[in-house]
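**Student:** Sharing a structure, written as structure tokens. Questions coming.
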Amino acid sequence: MQTIADPILMRMRIGRQAGPSQERASSEHDQEREDAMKRILRTALLCSVVSVAAAAGGKALAQQLPTEQPAEAADQAGQDGAGLGLDEIVVTGNTIKRTKFETSYAITTLSAEEIAKKAPLSVADLIAGTPGLYVESSGGEIGNNVYSRGLPNDNYRYIPVLEDGLPVWEEGAGAFTNADIFYRVDVTTQSAQIVRGGSASITASNAPGGIVNILTKHGTRDLQGLIKLEGGDYDHYRGDFNISGPITDNLLFQIGGFYRADNGLRDPGFKGNKGGQLRAGLSYEFDNGGSAYLGYRKLNDRNIFYTAIPLASDDKGLPGLDAGSGTLVNDLFARLTVPDGTGAFTKRLDLTDGVHTDTDTVTLLVSQPFGDDWEINEKARYVDGSIDFNGLFSSSVANSQTFLDGALARLRAVRPDTVAAVYRDAATGATVAASDLGNRLALTQSLFSNFVELDNFINDLSVTKKLDTGLGRHNITAGWYFSQFHQTQNWNFNDIIVEGVNRPRYFDVVGVNAAGQQTIALTDRGLVNLHTGLQRFHDNVRINALYLTDSWQVTDKLRIDLGARYHHVRKKGTIADTATVNLGDASTIADDAVPVFTGTQTPYRYKTDQWAFSAGANYEFTRQLAAFARYSRSFRVTPEFQQWFGGGTPVENRIDLVEGGIKYSTRPFSAFVTLFYNKFPNIAFQTLVNGPDGSLVSQSAKAAAESKGVEVEFSLTPAPMFELAFGGNYQDISYSSFAGTDANGAFDFSGNRIVRQPKMTASIRPTLHLLGNAVDLYSQIQYTGSRFVDVANTIKLPSYTEVSLGANWRVTDRLSAQIIATNLFNEVGLTEGNPRAGAIIGTNEAAFQGRPIFGRRVRGGLSYSF
């Protein structure tokens, strides 16, 4: 095939193979930035350790913490721990309430005030900046990726999202059922608690990386409320409200939610995000100290999902396709007719629907103490609804003339009288020269249409007994966790050809003879590569788990936490069979080999039993200084696509997690420093990549990995008007084994860095309190280190730093105003390459494709509370 040396395309090539001098300059610059951030992190760690050591040296280490603090002491502890909230009550990762200072594992908490300052648009935004977590939020409000401590898979694979202690959906890393699709952050969110590693695998399913537990607002003793109106510069309009109060002395209510409409952070020419969430609940407080809560949440929201776009370089978009605001989605092809499961063109695909989540969630929470220090806790949830996932996914990119040359060869093989191939605007029918395609690029983009019907019943029943023995006090909890979900997934993927500009045209490609007459077409009604993915799966998954924990207060200073979980999973389902047929249209080759359903299906069954163990200890030297250590062995049962496509690893087990650290808390300074080591002996690596004929092919491999690192959090208040918070981590992450065979032969990438994760992230958050605390000015400077696109480590994404700025003005006791600017300096940061071009061995295409972070965006709002 002839190669066209286009100077524009030559400038667009990036990655290691872009040329030795360019690679060396980029690598040196990136190394300088990473070395500088390492020095910052080391300095922060040194300051934390020195401060802790100095404080500890000045205290009598024999000082005892009282078993139960009097109110005045608790108030003082609250003031001392205010910076990192070390005095906050933690209900995540354990079965009894305790303060963050008392936990034997690493945890980050976000208060309602901190969440309000962040004003997150997504769950990913909410937890971004947490030490030990690397978050990719470039997909939009949903469908983002979270990585924990080097655990080597994306999505919410190892860190489930809980709402009030129960999963928002049992399998939060399934295909097109990301955990963040099932929840939206609004003013009904009270706080968030994020556990990293530790005991998470005992109290939650499939949680070796930790837990994100979002706590919501319930009824209150006094009538109170909050109304918030917000507007933004991408036609963003949003309204939130929450009202709570008493109905009787014991019966309380809450109702709230939000509605939002905007064009999306990359404007496609239609409303990219539209919809909202409504939550209502009743709380009853029993006279004996028990409580019951019954809540309902309706989520009906449409969200645009973004994937990779072509770029000119690692810090610049293409002409007409800005890295911070450009998108390949366009209203021109937002509503198309595609072939259904039989091959008939009857199915309507509507990109303006985006990812349409329509779910109903009912939650029951009961806590009831009994005599003789017994307590029973019942938590139940039912989720029912659907996800209609419509999105444009990056596929391949070629020079526009090179693509035509390849098309001509295919067309001439069928119609020898074809002398040329030409582009035709699929919307107007006009012929377009190859040189007139935007940036001379022809991009094959995949139209994903996936409809998922689902339901999930979850129940977590536990009994706790407090025991005083001669060897200390025990809080022993025994629990039974049950979850069953059903889902039916219907996939229908087809490709289109677009140009490399913002909101591009899409094209037919046709052959012509010497007289200029059409001979045969490569495309059909604007579509090419019909049914690249045609699937129908039905799953019935049941989980039964038993867990036992003991929180053993050995002395007033020493607590030992022990836990074990037995986890049984049974899966059964069906996979629809397909056959490849010629649909019979002689005017095009697009329908010559199209998968269709045969009407038969293949059943599958799978079951497994897994164990998780955890043991930790927390020792309080003084009221300000504590140390903890923990060892856990965990597992992750692979989501159902392992049964659908085969290959890979059905269970990732024998995951060893070790952590230890120190916590220090005073009024001006507090710190939380954690060292960790993780070992993953068998990784389930599975992804979808482009096959040679344009169809998506499942690619899997078996691997092992290790990670070790340090996490640092500290808060400093040197003066009443100034606060400084820091969070960051440095980790050494690599595959200890990654070998196999592909079409090119054997490969071995053992020792390479784990894909898509940085060695270092750091977040600096200063706050100024002005005008008698009436005005807060705050900022976040977020550094993300370099990452690799592929396991082979052939394509490197550079480090970047994103700066955000915000201000909050308390106009009156009830009225406040807020303004937030994200990515203030329009930094171009790439979070991923094009995973469908090769996740194991990356491919250098005609133009590099990557998913950048969003450019500068400004939002402002008014809040009224009563």
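The values are calculated or read from the model by the stated rules, or taken from the named source; none is laboratory data. Just so you know, these numbers come straight off a predicted model, no measurement behind them. Neighbour counts are summed over all protein chains in view; Cβ atoms, including those assigned to glycine, are modelled from backbone coordinates with ideal geometry.
**Student:** How do the helices (runs of 4 or more DSSP H) wholly within the stretch 96-214 filter down when requiring 3 or more residues that are over 25 Å from GLU723 (Cα atoms): which remain?
**Tutor:** The qualifying helices (runs of 4 or more DSSP H) are 200-203.
**Student:** Separate question: Could you tell me which residue of the stretch 361-418 is nearest to the chain's Cα centre (by Cα), considering only residues that are hydroxyl-bearing (Ser, Thr, Tyr) and closer than 27 Å to PRO504 by Cα?
**Tutor:** SER394
**Student:** Checking the conditions here, which among ARG412, ARG440, ARG381, ARG424 is at positive phi, of a type in the set (D, E, K, R) and in contact (Cβ under 8 Å) with a residue 12 or more places away in the chain?
**Tutor:** ARG440
**Student:** Right, something else. Is it the case, given these coordinates, that TYR296 is among the aromatic types (Phe, Trp, Tyr), within 20 Å of PHE182 (Cα to Cα), part of a loop (DSSP other than H, G, I, E, B) and within 30 Å of the chain's Cα centre (by Cα)?
**Tutor:** Judged against the criteria, TYR296 is not a match.
**Student:** If you check GLY599, GLY584, which single one turns out to be out of contact with any strand residue (DSSP E or B) (no Cβ under 6 Å at 6 or more places or on another chain), over 30 Å from LEU471 (Cβ atoms), in a strand (DSSP E or B) and among the small types (Gly, Ala, Ser)?
**Tutor:** Result: GLY599 is the single residue among GLY599, GLY584 that is out of contact with any strand residue (DSSP E or B) (no Cβ under 6 Å at 6 or more places or on another chain), over 30 Å from LEU471 (Cβ atoms), in a strand (DSSP E or B) and among the small types (Gly, Ala, Ser).
**Student:** For ASN492, state whether it is closer than 30 Å to ALA409 by Cβ, out of contact with any helix residue (DSSP H, G or I) (no Cβ under 6 Å at 6 or more places or on another chain) and either assigned to a strand (DSSP E or B) or not hydroxyl-bearing (Ser, Thr, Tyr) (or both).
**Tutor:** yes
**Student:** Only one of ASP609, ASP577, ASP591, ASP556 is among the charged types (D, E, K, R) and within 30 Å of the chain's Cα centre (by Cα). Can you tell me which?
**Tutor:** ASP609
**Student:** Another one. Scan the stretch 768-792 and report the pairs whose first residue is at positive phi and aliphatic (A, V, I, L, M) and whose second residue is modelled with pLDDT of 95 or more and part of a strand (DSSP E or B), with Cβ atoms within less than 6 Å and a gap of 6+ or a chain change.
**Tutor:** none
**Student:** Let me confirm something: among TYR237, TYR284, TYR259, TYR293, which residue is within 18 Å of VAL362 (Cα to Cα), without any contact (Cβ under 8 Å) to a residue 40 or more places away in the chain and of a type outside the set (D, E, K, R)?
**Tutor:** Only one candidate qualifies: TYR284.
**Student:** ASP790 fails exactly one of the following numbered conditions: (1) assigned to a strand (DSSP E or B); (2) among the charged types (D, E, K, R); (3) surrounded by 22 or more Cβ atoms within 10 Å (Cβ to Cβ). What is the number of that condition?
**Tutor:** Exception for ASP790: condition (1).
**Student:** Between ARG633, ARG667, which is farther than 30 Å from ASP340 by Cα, outside any strand (DSSP E or B) and of a type in the set (Lys, Arg)?
**Tutor:** ARG667
**Student:** Out of (1) under 24 Å from the mean Cα position of the chain (by Cα); (2) modelled with pLDDT under 95; (3) not small (Gly, Ala, Ser), what's the single condition that is false for LEU332?
**Tutor:** (1)
**Student:** For the stretch 810-833, give me the residue count where each residue is more than 20 Å from the chain's Cα centre (by Cα) and at positive phi.
**Tutor:** Counting residues in the stretch 810-833 that are more than 20 Å from the chain's Cα centre (by Cα) and at positive phi gives 1.
**Student:** Does ILE795 fit the bill of being crowded, with 19+ Cβ neighbours inside 10 Å and closer than 27 Å to GLY83 by Cβ?
**Tutor:** Criteria not met by ILE795.
**Student:** Quick check, is GLY257 touching an Asp or Glu at 6+ places or on another chain (Cβ under 7 Å), part of a strand (DSSP E or B) and more than 21 Å from LEU126 (Cβ to Cβ)?
**Tutor:** No, not satisfied.
Okay, residues lined up against (1) crowded, with 20+ Cβ neighbours inside 10 Å; (2) touching a strand residue (DSSP E or B) at 6+ places or on another chain (Cβ under 6 Å); (3) in a strand (DSSP E or B); (4) at pLDDT 95 or above:
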{"residue": "ASP372", "(1), (2), (3), (4)": "no, no, no, no"}
{"residue": "GLU378", "(1), (2), (3), (4)": "no, yes, yes, yes"}
{"residue": "GLY385", "(1), (2), (3), (4)": "no, yes, yes, yes"}
{"residue": "VAL397", "(1), (2), (3), (4)": "yes, yes, yes, no"}
{"residue": "ALA442", "(1), (2), (3), (4)": "yes, yes, yes, yes"}
{"residue": "GLN445", "(1), (2), (3), (4)": "yes, yes, yes, yes"}
{"residue": "PHE451", "(1), (2), (3), (4)": "no, yes, yes, yes"}
{"residue": "LEU461", "(1), (2), (3), (4)": "no, yes, yes, yes"}
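**Student:** Could you tell me how many of the residues in the stretch 277-292 are crowded, with 20+ Cβ neighbours inside 10 Å and either under 29 Å from the mean Cα position of the chain (by Cα) or among the aliphatic types (A, V, I, L, M) (or both)?
**Tutor:** Of the residues in that region, 3 qualify.
**Student:** Among residues belonging to the stretch 177-226 that are in contact with a helix residue (DSSP H, G or I) (Cβ under 8 Å, 6 or more places away or on another chain) and free of Cβ contacts under 8 Å to residues at least 60 places away in the same chain, point out the one that is surrounded by the fewest Cβ atoms within 10 Å (Cβ to Cβ).
**Tutor:** Only one residue fits best here, namely ALA179.
**Student:** Kindly provide the set of residues from the stretch 568-623 that are within 30 Å of ARG654 (Cα to Cα), surrounded by 17 or more Cβ atoms within 10 Å (Cβ to Cβ) and of a type in the set (D, E, K, R), ordered by number.
**Tutor:** Within the stretch 568-623, just LYS571 meets the criteria.
**Student:** Now for a different question. Which residues, counting only those in the stretch 167-176, are farther than 20 Å from ARG570 by Cβ and buried (at least 24 other Cβ atoms within 10 Å of the Cβ)?
**Tutor:** Matches in the stretch 167-176: VAL168 only.
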